[in-house]
Amino acid sequence: MLRALFSLVPLITLAGALPQVKLGKATVVGQDVSDKVEFFGGIPFAEPPLGELRLKPPVLKTQLPPTTFNASSYRNACIQPPFFGLPAPPQSEDCLSINIFRPAGIAPTARLPIFVAIDLTYHCFSYGGGFALGSSMLFDAKDLVARSIERGKEGSHKRLMSTEEPSYILHTAGDMGALNLGLRDQLAALEWVQANIHAFGGDKNKVTIFGESAGAMSTGLLYLNPQLEKLARAAIFESGSSNGLAAFPAARNDNLWKGFVEKVPSCSNLASSGDTFTCLKTASIEEITAAINDSAEELRLLQWGPTLDAGRDGIYSDYPSRLYEKGHFARLPFIAGTNRDEGTLFAIQTKLSDEDLKDMLVIQHSPAITSQVGLNSTVDKILELYPDDPTIGSPYGTGAELFGLPSSYKRHASLCEFILPISCANELTVVSVGDITFAAPRRQWSQAAAKAGVKSYGYLFTQPQPSQPLGVTHGAEVPYVYAQPPPTDSAGQGMSAIIADYWISFTVSLDPNDGKGVKRPEWPQYTTKNQVLLQLEGGNTTVIKDDFRKEQIGFLIKNSLILRR
């Protein structure tokens with residue numbers, strides 16, 4: 001499967017000078033990444049998914065051999081295709097590992113709150129990974145942990161941060177035997193945290209999960225399982241919710257799976273047999289890697305994402321909107337928000353007609369759950385609510401400015417998902433954008449949770465991006481959260497401190513308003529009677545009503561099931 005490498009290397013001569021943790025009978029040796037922060041990387045949380053364990057749910061690994069384990073660096077990322085000509089991270093099939101940043105010198109008895117980041121990252125635009133690409137090594141959490149240490153001088157508000165390296169590809173398979181393996185990897189990582197984080201000074205009862213884009217959508221899907229309450233106590237969703245993507249049963253991807261198997265030479269003659277796993281488990285990793293690379297376009301189409309799985313052990317049993325209505329989700333506090341212009345980096349920059357947009361929407365959400373007539377009439381109404389008027393399109397607040405692009409660009413950026421290619425570093429891809437994928441799902445999730453009495457906070461990130469003419473784009477908030485604002489944003493340091501303090505405060509106390517750190521506005525809870533967001537913008541961080549594009553987003557929420565959400 002698509003996972004990474006860990007190694008056992010004696011560090012006897014260096015061990016005395018480096019941070020160490022006793023994990024059972026093993027000695028885990030990390031490294032100092034600053035004078036304040038220690039790092040322990042590449043610790044396996046599951047058995048290597050090789051041989052008979054390939055295409056199987058993860059097998060939890062809570063113990064290491066009784067020796068010295070070299071945890072001084074990240075391990076390899078999961079096998080993944082090349083992306084837009086960017087250098088690929090080091091890869092291996094054995095990649096189920098976890099990485100931990102912590103304040104230097106803390107005792108195992110410290111019981112610090114824990115921030116677990118689901119990092120699905122390797123993207124030419126931003127930080128999501130689209131369920132197919134990623135590497136934890138692209139996230140450097142030392143500055144965020146250092147920020148929590150500075151705040152801790154005012155109290156006991158330090159914290160640990162861990163990042164996990166789950167598998168993403170092969171969520172679906174024609175054999176119907178390996179569904180949503182990436183989500184299961186994430187659950188296994190959380191189980192590892194419960195079993196072992198105390199050794200690093202963490203408190204297993206104070207785990208907050210964090211994700212952005214595909215990471216946030218994954219976190220949202222985990223929320224649809226009430227048993228998550230045994231593994232975490234809160235979450236932060238950045239630009240992603242459980243219903244961000246249209247949901248389909250695995251059978252929809254049968255042809256996609258057959259096409260993948262056909263690209264594995266030793267198994268190609270079995271592609272239509274319905275029994276491909278036996279062969280794939282013995283195929284060489286070189287064959288598997290080549291087939292994944294040859295499937296890059298399908299991966300960019302987001303066709304390998306989570307799939308409906310209503311079986312006995314399923315973890316994605318129904319459409320999120322139905323589960324929201326039933327109240328079938330974890331009752332854990334959360335922060336959820338989006339950026340002002342989620343779709344602008346992805347929107348098609350050539351002219352699109354009404355028919356083009358309609359075709360995109362209909363195809364993306366077919367086959368219809370109710371009737372094709374119902375889907376068509378819903379799409380017609382969506383296009384009416386999102387007219388070809390650049391003054392109301394995204395990037396928002398830019399009036400009639402078209403940036404040298406057709407007017408349909410701003411309409412498309414505001415609106416929908418698409419399945420046609422766009423240009424990125426001279427290659428082609430497709431991605432999800434706009435209100436259908438981000439703003440409407442977030443509002444629906446916030447409203448459903450508020451109705452159930454779940455404590456939550458909402459935000460809209462609107463910090464101007466000096467080097468980006470197309471607005472406050474998808475992923476723009478991530479550097480601010482990690483206390484590493486873009487160097488081109490002279491005002492970003494102050495805004496980054498505010499956001500980091502909100503996130504740290506919530507992780508520690510389940511309330512972003514602990515009064516520690518920099519002075520910042522009170523962030524009110526999102527309730528049924530008080531549906532408000534905190535606008536995160538330097539010099540203009542303020543409370544706003546969650547009613548932007550009220551009619552449009554309201555219609556998308558009302559028809560979420562027709563849109564397979």
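The values are calculated or read from the model by the stated rules, or taken from the named source; none is laboratory data. This is a predicted model, so every value here is computed, not measured. So basically every Cβ, Gly included, is an ideal-geometry build from the backbone, and we count neighbours across all protein chains shown.
Assess whether residue 71 counts as being farther than 25 Å from residue 104 by Cα, touching a residue at least 12 places away in the same chain (Cβ under 8 Å) and in contact with a strand residue (DSSP E or B) (Cβ under 7 Å, 6 or more places away or on another chain). It would help to see each step written out before you state the result.
Details: farther than 25 Å from residue 104 by Cα: no; touching a residue at least 12 places away in the same chain (Cβ under 8 Å): yes; in contact with a strand residue (DSSP E or B) (Cβ under 7 Å, 6 or more places away or on another chain): yes.
No, not satisfied.
Is the range 274-283 home to any residue that is surrounded by fewer than 17 Cβ atoms within 10 Å (Cβ to Cβ), over 25 Å from residue 503 (Cβ atoms) and touching a strand residue (DSSP E or B) at 6+ places or on another chain (Cβ under 6 Å)?
Initial filter on the range 274-283 (surrounded by fewer than 17 Cβ atoms within 10 Å (Cβ to Cβ)): 274-275, 278, 281-282.
Within this subset, residues satisfying the condition of being over 25 Å from residue 503 (Cβ atoms) are 274-275, 278, 281-282.
Those left that are additionally touching a strand residue (DSSP E or B) at 6+ places or on another chain (Cβ under 6 Å): none.
Looking for residues that are surrounded by fewer than 17 Cβ atoms within 10 Å (Cβ to Cβ), over 25 Å from residue 503 (Cβ atoms) and touching a strand residue (DSSP E or B) at 6+ places or on another chain (Cβ under 6 Å), one finds none in the range 274-283, hence no.
Among (1) out of contact with any Ser or Thr (no Cβ under 7 Å at 6 or more places or on another chain); (2) under 24 Å from residue 211 (Cβ atoms); (3) surrounded by 21 or more Cβ atoms within 10 Å (Cβ to Cβ); (4) modelled with pLDDT of 85 or more, where does residue 292 come up short?
(4)
So which residues in the range 438-453 are part of a loop (DSSP other than H, G, I, E, B) and either surrounded by fewer than 20 Cβ atoms within 10 Å (Cβ to Cβ) or in contact with a Leu (Cβ under 6 Å, 6 or more places away or on another chain) (or both)?
Residues of the range 438-453 that are part of a loop (DSSP other than H, G, I, E, B), as a first pass: 438, 452-453.
452, 453, listed by residue number.
Given the condition of a type in the set (Val, Ile, Thr), loosely packed, with under 15 Cβ neighbours inside 10 Å and in a strand (DSSP E or B), answer yes or no: does some residue in the range 527-543 qualify?
Yes, the range 527-543 contains a residue that is of a type in the set (Val, Ile, Thr), loosely packed, with under 15 Cβ neighbours inside 10 Å and in a strand (DSSP E or B).
Looking at this structure, is residue 515 over 12 Å from residue 339 (Cβ atoms) and in contact (Cβ under 8 Å) with a residue 12 or more places away in the chain? Write out each step before concluding.
Details: over 12 Å from residue 339 (Cβ atoms): yes; in contact (Cβ under 8 Å) with a residue 12 or more places away in the chain: no.
No: the conditions fail for residue 515.
How do the strands (runs of 3 or more DSSP E) wholly within the range 1-102 filter down when requiring 1 or more residues that are buried (at least 22 other Cβ atoms within 10 Å of the Cβ) and modelled with pLDDT of 90 or more: which remain?
Working: elements: 20-23, 26-29, 37-44, 68-70.
The qualifying strands (runs of 3 or more DSSP E) are 26-29, 37-44, 68-70.
Only one residue in 321, 317 is touching a Ser or Thr at 6+ places or on another chain (Cβ under 8 Å) and modelled with pLDDT of 80 or more. Which one?
Working: 317 fails: touching a Ser or Thr at 6+ places or on another chain (Cβ under 8 Å).
One residue alone meets the criteria, 321.
Please pick out the residue among 277, 260 that is closer than 26 Å to residue 49 by Cα and in contact with an Asp or Glu (Cβ under 6 Å, 6 or more places away or on another chain).
Details: 260 fails: in contact with an Asp or Glu (Cβ under 6 Å, 6 or more places away or on another chain).
Going through 277, 260 in turn, the sole match is 277.
Within the range 385-411, count every residue that is under 17 Å from residue 548 (Cα atoms) and either out of contact with any strand residue (DSSP E or B) (no Cβ under 6 Å at 6 or more places or on another chain) or acidic (Asp, Glu) (or both).
Taking the range 385-411 as the starting set, the residues that turn out to be under 17 Å from residue 548 (Cα atoms) are 385-387, 389-399, 410-411.
Subsequent filtering for residues that are either out of contact with any strand residue (DSSP E or B) (no Cβ under 6 Å at 6 or more places or on another chain) or acidic (Asp, Glu) (or both) retains 385-387, 389-393, 396-399, 410-411.
Qualifying residue count, the range 385-411: 14.
If you go through the range 109-141, how many residues are modelled with pLDDT under 90 and touching a Lys or Arg at 6+ places or on another chain (Cβ under 8 Å)? Quick ask: steps written out before the conclusion?
Start the filter on the range 109-141 by keeping residues that are modelled with pLDDT under 90, which leaves 117-141.
Filter again for touching a Lys or Arg at 6+ places or on another chain (Cβ under 8 Å), leaving 130, 132.
Adding up the residues that qualify gives 2.
Can you tell me which residue is nearest to the chain's Cα centre (by Cα) among those in the range 387-397 that are within 17 Å of residue 346 (Cβ to Cβ) and among the hydroxyl-bearing types (Ser, Thr, Tyr)?
So in the range 387-397, the residues within 17 Å of residue 346 (Cβ to Cβ) come out as 393-396.
Subset that is among the hydroxyl-bearing types (Ser, Thr, Tyr): 394, 396.
Working: 394: 23, 396: 25 Å.
Filtering the range 387-397 for residues that are within 17 Å of residue 346 (Cβ to Cβ) and among the hydroxyl-bearing types (Ser, Thr, Tyr), the one nearest to the chain's Cα centre (by Cα) comes out as 394.
Tell me, which helices (runs of 4 or more DSSP H) wholly within the range 212-315 include 1 or more residues that are without any contact (Cβ under 8 Å) to a residue 40 or more places away in the chain and more than 30 Å from residue 452 (Cα to Cα)? Break it down stepwise before answering.
On the way: elements: 214-223, 254-262, 277-280, 285-294, 296-300.
Once the helices (runs of 4 or more DSSP H) in the range 212-315 are filtered for at least 1 residues that are without any contact (Cβ under 8 Å) to a residue 40 or more places away in the chain and more than 30 Å from residue 452 (Cα to Cα), what remains is 254-262, 277-280, 285-294.
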